[in-house]
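S.K.: Pasting a structure below so you can have a look.
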Amino acid sequence: MRIFKNKEFAKFAKKEGISDAKLYKAVKDVEAGKIDANYGGGVIKQRIARRNEGKSGGYRSVILYRRGHRAFFVYGFAKSERENIDRADEQIFKESAKVILAFSDDEITKLLKAGVYKEIHYDDKDIQK
């Protein structure tokens, strides 16, 4: 499973103090079938807990996801700032998923080199962070 975050999500995560280990944990939960919201078309919403708090008042992430293959964190927000994504956002994410989830390994390598995405490197022992 390869996990990525786009430039905008990386800025959001850094600002909010969301570690790559927490992002890995979110995807690991998804892989275990613990999906907070499945919009279809490879688009899911997953909660991420605030530091030293639970998930309910924490952050929400939109992930373009293909089971056992790839996950792309593309949008994040605090629940206190926004309740949910709307139908128009959902449709945009679904269209994006069609393209992004079809990227070849070569295309991903080029996008990583260009700084469009960053790959999340992790280890199971990092989950506790």
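S.K.: Can you tell which of TYR24, TYR65, TYR75, TYR122 is in contact with a Leu (Cβ under 9 Å, 6 or more places away or on another chain) and either modelled with pLDDT of 90 or more or part of a helix (DSSP H, G or I) (or both)?
M.R.: Numbers: TYR24 fails: in contact with a Leu (Cβ under 9 Å, 6 or more places away or on another chain); TYR75 fails: in contact with a Leu (Cβ under 9 Å, 6 or more places away or on another chain); TYR122 fails: either modelled with pLDDT of 90 or more or part of a helix (DSSP H, G or I) (or both).
When all the criteria are applied, what remains is TYR65.
S.K.: Going by what's in this entry, would ASP29 be described as touching a residue at least 12 places away in the same chain (Cβ under 8 Å) and touching a His at 6+ places or on another chain (Cβ under 8 Å)? Even if it seems obvious, please write down each step before you answer.
M.R.: Details: touching a residue at least 12 places away in the same chain (Cβ under 8 Å): yes; touching a His at 6+ places or on another chain (Cβ under 8 Å): no.
Judged against the criteria, ASP29 is not a match.
S.K.: Exactly one of (1) under 19 Å from ILE120 (Cα atoms); (2) free of Cβ contacts under 8 Å to residues at least 60 places away in the same chain is unmet by LEU23. Its number?
M.R.: (2)
S.K.: Still on this structure, I have one more. Return the only residue of ASN84, ASN52, ASN38, ASN6 being exposed (fewer than 14 other Cβ atoms within 10 Å of the Cβ) and either at pLDDT 95 or above or under 24 Å from LEU111 (Cβ atoms) (or both). Steps first, please.
M.R.: Details: ASN84 fails: either at pLDDT 95 or above or under 24 Å from LEU111 (Cβ atoms) (or both); ASN52 fails: either at pLDDT 95 or above or under 24 Å from LEU111 (Cβ atoms) (or both); ASN6 fails: exposed (fewer than 14 other Cβ atoms within 10 Å of the Cβ).
Going through ASN84, ASN52, ASN38, ASN6 in turn, just one is exposed (fewer than 14 other Cβ atoms within 10 Å of the Cβ) and either at pLDDT 95 or above or under 24 Å from LEU111 (Cβ atoms) (or both): ASN38.
S.K.: While we're on this one: Given the options GLU81, GLU107, name the one that is more than 12 Å from the chain's Cα centre (by Cα), acidic (Asp, Glu) and either in a strand (DSSP E or B) or closer than 18 Å to GLU119 by Cβ (or both).
M.R.: Details: GLU81 fails: either in a strand (DSSP E or B) or closer than 18 Å to GLU119 by Cβ (or both).
Sole residue among the options that is more than 12 Å from the chain's Cα centre (by Cα), acidic (Asp, Glu) and either in a strand (DSSP E or B) or closer than 18 Å to GLU119 by Cβ (or both): GLU107.
S.K.: Within region 88-104, is there a residue that is farther than 25 Å from ALA37 by Cβ and free of Cβ contacts under 8 Å to residues at least 40 places away in the same chain? So that I can check it myself, show each step before the final result.
M.R.: Narrowing region 88-104 to residues farther than 25 Å from ALA37 by Cβ: 104.
Then drop every residue that is not free of Cβ contacts under 8 Å to residues at least 40 places away in the same chain, which leaves 104.
Checking region 88-104: at least one residue is farther than 25 Å from ALA37 by Cβ and free of Cβ contacts under 8 Å to residues at least 40 places away in the same chain.
S.K.: Additional query: Taking the condition within 26 Å of GLU95 (Cβ to Cβ), part of a loop (DSSP other than H, G, I, E, B) and β-branched (Val, Ile, Thr), does ILE3 pass?
M.R.: Details: within 26 Å of GLU95 (Cβ to Cβ): yes; part of a loop (DSSP other than H, G, I, E, B): no; β-branched (Val, Ile, Thr): yes.
No; evaluated as a whole, the condition is false for this residue.
S.K.: Further, regarding this structure: What residue, among those in region 85-104 that are more than 15 Å from the chain's Cα centre (by Cα) and outside any helix (DSSP H, G or I), is nearest to PHE4 (Cα to Cα)?
M.R.: PHE103
Table: residues versus (1) among the aromatic types (Phe, Trp, Tyr); (2) under 10 Å from the mean Cα position of the chain (by Cα).
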| residue | (1), (2) |
| --- | --- |
| TYR24 | yes, yes |
| LYS34 | no, no |
| VAL62 | no, yes |
| PHE72 | yes, yes |
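S.K.: Buried (at least 20 other Cβ atoms within 10 Å of the Cβ), free of Cβ contacts under 8 Å to residues at least 24 places away in the same chain, within 9 Å of the chain's Cα centre (by Cα) and assigned to a strand (DSSP E or B): is that true of ILE44 in this structure? Spell out the reasoning first.
M.R.: Numbers: buried (at least 20 other Cβ atoms within 10 Å of the Cβ): yes; free of Cβ contacts under 8 Å to residues at least 24 places away in the same chain: yes; within 9 Å of the chain's Cα centre (by Cα): yes; assigned to a strand (DSSP E or B): yes.
It is true that ILE44 is buried (at least 20 other Cβ atoms within 10 Å of the Cβ), free of Cβ contacts under 8 Å to residues at least 24 places away in the same chain, within 9 Å of the chain's Cα centre (by Cα) and assigned to a strand (DSSP E or B).
The values are calculated or read from the model by the stated rules, or taken from the named source; none is laboratory data. Nothing here was measured: the structure is a model prediction, and the numbers come from that model. Note that we place each Cβ from the backbone using ideal geometry, even for glycine, and neighbour counts take in every protein chain shown.
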